[in-house]
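> Attaching a single structure in structure tokens format; questions to follow.
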Amino acid sequence: MVLGLEVDTVNSVQFSNHTGYAHWKGQVLNSDELHELYEGLKLNNVNHYDYVLTGYTRDTSFLAMVVDIVKELKQQNSNLVYVCDPVMGDKWNGEGSMYVPKDLLPVYRDKVVPVADIITPNQFEAELLTGRKIHTEKEAIEVMDMLHAMGPETVVITSSDLQAPLGNNYLIALGSQRKTEADGTKVMQRIRVESPKVDAVFVGTGDLFAAMLLAWTHKHPNNLKVACEKTVSAMQHVLQRTITSAKAQAGEGNKPNSAQLELRMVQSKKDIENPAIIIKATVL
């Protein structure tokens, strides 16, 4: 919304708070309820969209319903862009684990990714989707090519444990965009982005990344480098503001808690709207 896109939101979960806290209460939307909401939009003929963005989901039938809806929306608007953040798990101390039911993986791999235009997995999720481990940048590019072959024109591995050229205090993201020229030839743009690590566990960074990448690829459809620079720079502004504020609240020598580490989104509105480019991407 902040970046000028009008958004209709469907909450796949309605929780009291995010699951990074010790406790949470609330409801999970099921596939029948999702279908009912979509039917309401359809009956009023207001189901005309340019983009669909999906994130955290725990239920296979819900995910399958999302695929059906995206396919129907694409029949209405062949230019619709589906941005999928295939939220399944992550790595901690080098070990990957899933934090959604394992039966979501084949649905993402076989049904969701083939209809997606842009996907934003982390390294662990990219490895899950392709069945290939990533140890080097070359292998990461091969994995992104495998993901392109499954359907998406744009693949961004949002974080990885690869060694960054700038050093151990930096985190690598990698992007690959496949464009078809007017004469039918395929052109690839590949980039690497290195951003400073922030020593804290934040919740919601993947959601923020995917949403901003959608907005910036909308504004720069043929320039993944600029879209990623704006996305990652804005992320860095938000994270630095959040950690500075969290440490001040926690007091010297104390570790910030979940409440203190809530992303400072409202305070970062200007940085999200017009981020100063503090992180540059390298074209590979």
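> To make sure I understand the rule: partners must be lysines, Cα under 17 Å from the Cα of K269, and not fewer than 8 residues away in the same chain. Which ones qualify?
K230
> Could you tally the net charge around A281, taking each other residue with its Cβ under 12 Å from the Cβ of A281, Lys/Arg +1 and Asp/Glu -1? Don't jump to the answer; show the numbers that get you there.
On the way: positive: R190, R192, K225, K230, K280; negative: E194, E229.
Counting the neighbours of A281, the net charge comes to +3.
> Just to confirm a number: summing +1 for Lys and Arg and -1 for Asp and Glu over residues other than G55 whose beta-carbon lies under 13 angstrom from that of G55, what do you get? Walk me through the numbers before you get to the answer.
Details: positive: R58; negative: D85, E125, D207.
Residues near G55 contribute -2 overall.
> Let me check against my output: what whole-number percent is the relative contact order of the chain, with C-alpha pairs under 8 Å and at least 6 apart?
13 percent
> Right, another one. Select from L41, N77, G26 the residue farthest towards the positive end of the dipole of region 1-92; place +1 on Cβ of Lys and Arg, -1 on Cβ of Asp and Glu, and compute about the Cα centre.
It is G26.
> So, by mean Cβ neighbours within 10 angstrom, what's the order for 207-214, 99-106 with the highest one leading?
207-214, 99-106
> Averaged per residue, what accessible surface does the chain expose to a 1.4 Å probe, in Å²?
Per residue, the chain has 53 Å² of solvent-accessible surface.
> Say the dipole of region 13-210 comes from +1 at the beta carbon of Lys and Arg and -1 at that of Asp and Glu; which of Y99, G167, M65 then lies farthest toward its positive end?
G167
> Once every DSSP H run of n ≥ 4 in the chain is given -39500 (n - 2.57) and the sum is divided by its residues, what mean residue ellipticity at 222 nm do you get, rounded to the nearest 500 deg cm²/dmol?
My calculation for the chain gives -11500 deg cm²/dmol from helical runs alone.
> At a Förster distance of 41 Å, what's the computed FRET efficiency of N44 paired with I278, Cβ-Cβ distance as r, to 0.05?
Numbers: r = 44 Å, r/R0 = 1.06.
With a Förster radius of 41 Å, E is 0.40.
> Could you tell me what percent of the DSSP beta bridges with both partners in the chain are antiparallel, to the nearest 5?
Working: 26 of 34 bridges.
Just about 75 percent of them are antiparallel.
> Share of Cα-Cα pairs in region 182-284 beyond 20 Å, in percent?
44 percent
> Sticking with this one: Counting pairs on different chains as well as pairs 8 or more places apart, how many Lys pairs in region 13-210 have Cα atoms under 21 Å apart?
13
> Ordered by packing density, taken as the mean number of other Cβ atoms within 10 Å over each peptide's residues, highest first, how do 266-279, 36-49 rank? Provide the component values of the computation, followed by the final result.
On the way: 266-279: 15.0, 36-49: 12.4.
So the order, starting with the most tightly packed, is 266-279, 36-49.
> What list of whole percents do you get for P(r) of region 156-241, with Cα-Cα distances grouped in 5 Å bins up to the one holding the largest distance?
3, 13, 23, 24, 17, 10, 5, 3, 1, 0
> Same structure, new question: If you take the Cα atoms of region 41-122, find Rg, then find the Kirkwood Rh from the mean of 1/r over all pairs, what is Rg/Rh?
So for region 41-122, dividing Rg by the Kirkwood Rh gives 1.03.
> How much of the pair distance distribution for region 13-210 lies past 29 Å, counting alpha-carbon pairs only, in percent?
28 percent
> What are the DSSP H helices in the chain that stretch 27 Å or more along their long axis, judged by alpha-carbon atoms, and whose average Kyte-Doolittle hydropathy comes to at least 0.0?
Membrane-span-like by this criterion, though nothing is claimed about a membrane: 224-250.
> For region 68-196, give me the percentage of DSSP beta bridges that are antiparallel, rounded to the nearest 5 percent.
Numbers: 20 of 24 bridges.
Of all bridge pairs located within region 68-196, approximately 85 percent are antiparallel.
> About its Cα centre, what dipole magnitude does the chain give when the only charges are +1 on Lys and Arg Cβ and -1 on Asp and Glu Cβ, stated in debye to the nearest 20? It would help to have the intermediate numbers written out before the result.
Details: 28 positive and 34 negative charges, 153 e Å.
That gives a dipole near 740 debye.
The values are calculated or read from the model by the stated rules, or taken from the named source; none is laboratory data. Just so it is clear, the structure is predicted and the values come from calculations on it, not from any experiment. Methodologically, a virtual Cβ is constructed for each residue, glycine included, from the backbone with ideal geometry; neighbour enumeration extends over all protein chains shown. All accessible areas refer to the heavy atoms of the entire protein, side chains included, with ligands and DNA or RNA removed. Shrake-Rupley method; radii C 1.70, N 1.55, O 1.52, S 1.80 Å.
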